[in-house]
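For reference, the structure discussed in these notes is given below.
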Amino acid sequence: QLDAHITRDFTDRFWGAIDGVWYSGGRASINGVQGSKLNNIGLGLTLGYSINDNLNLTLGYKSTVNDSAPSDMRMDGFMVTLVFGWHPIVEGMRRLKSE
């Protein structure tokens, strides 16, 4: 799987991205019947918001676009992520800003 993103900051805390993905390799099997090797392309959108310096929320949607043949993988994916991060460098930057 290979992902690519074009990202744009709208404000200091709010950003968006257009996403592209290429899936290759692997095979699905259903009831022992092997499918063909994956070779799919997907497009999507992601929005992110930094709630504070340590907490980020992202919402995303991704869908395959070359899925018209009956044997092609069809995928629509929704993602909601809430991440809490902490690192001494971030904490040190916060102290420097306040001084």
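Read-outs: derived from the displayed coordinates by stated rules, not from any lab. Note that the structure is a prediction, hence the values are computed from the model and not measured. Cβ placement follows ideal geometry from the backbone for every residue including glycine, while neighbour counts extend to all protein chains displayed.
Assorted remarks:
- With the Kirkwood sum run over all distinct C-alpha pairs, the chain has a hydrodynamic radius of 16.3 Å.
- Helix 88-98 vs. the chain, principal-axis angle (Cα, 0 to 90°, nearest 10): 40
- Extension gain, residue 79-residue 4: 0.36 nm per intervening residue step, less the Cα-Cα distance, totals 25.4 nm.
- Taking 7 Å steps out from each Cα toward its Cβ at residue 61 and residue 22 produces label points 2.6 nm apart.
- Relative contact order (%) - criterion: Cα under 8 Å, at least six apart; region: region 47-89: 40
- Whole-number percent relative contact order across the chain, with pairs defined as alpha carbons under 8 Å at least 6 apart: 19
- Residue-span extension gain [residue 31 to residue 11] - 0.36 nm each, minus C-alpha spacing: 2.2 nm
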